Amino acid sequence: MDRRLLILIIVILFFIISCSKSVPEVKTVKNFSLDTCRVIVLPFENQTKDPTIHKIFYRILLDSLNEEGFFLVPEGQIRRFLIMERYLVGENIPLTSIQLLAKRTKTKIFIDGAILSYEKKEKNLKLAFIINVKDAYTGKILCSTYHVRTSEDYRKILHFGKIYSPSTLIKRMIKEVLMEWEQKGIFSC
């Protein structure tokens, strides 16, 4: 009888642990809340072997932020500025140039980050990224969000809910980040 009870407890613990939700890790400055919704989103750094994943991520992030009500500085305006200042897309941009861009576009904050890892093994995807919200005039990080997920994390029963495309995985992960930001009161757009 004791053995059955032990097995039952182990099985229940296994189900509780396997059903738990992994949320993005958000670190902010104390009492941080933004009253602005006008944002510069810089191209993300690609630290993976896939040459296109950062472009897909960047486009989906822009679309998701736009859907949430953010007023984004147009991508063409940012690219034109980077070309005029002779910076390559994805290159580290000095603070003086970001300050100039912020002054021209009348924005207070900018978002940048990096795609840290992306793996595609057979039908399994894994993505890790970091998104930084920074003050455009001081360069100080106001909020930093790290998130990592695999396509298996979304599987419900058998293969239902499993994600097979990188764009769907990115959309789900960005949605989770934006929901976490909303819960913590970081943006009020």
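What follows draws every value from the coordinates through simple rules; no lab data is involved. Values in this document were obtained by computation on a predicted structure and should not be read as measured data. Neighbour counts are summed over all protein chains in view; Cβ atoms, including those assigned to glycine, are modelled from backbone coordinates with ideal geometry.
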- Message: List the residues, sorted by chain then number, that are 5 or more residues from I163 or on another chain and whose placed amide H is less than 5 Å from its amide H.
- Response: Y154
- Reduced Cα scattering model of the range 22-184, Debye log10 I(q)/I(0), q = 0.09, 0.11 Å⁻¹: -0.31, -0.46
- Query: What order do you get for R155, R4 when you list them from fewest to most C-beta neighbours inside 10 Å?
  - Reply: R4, R155
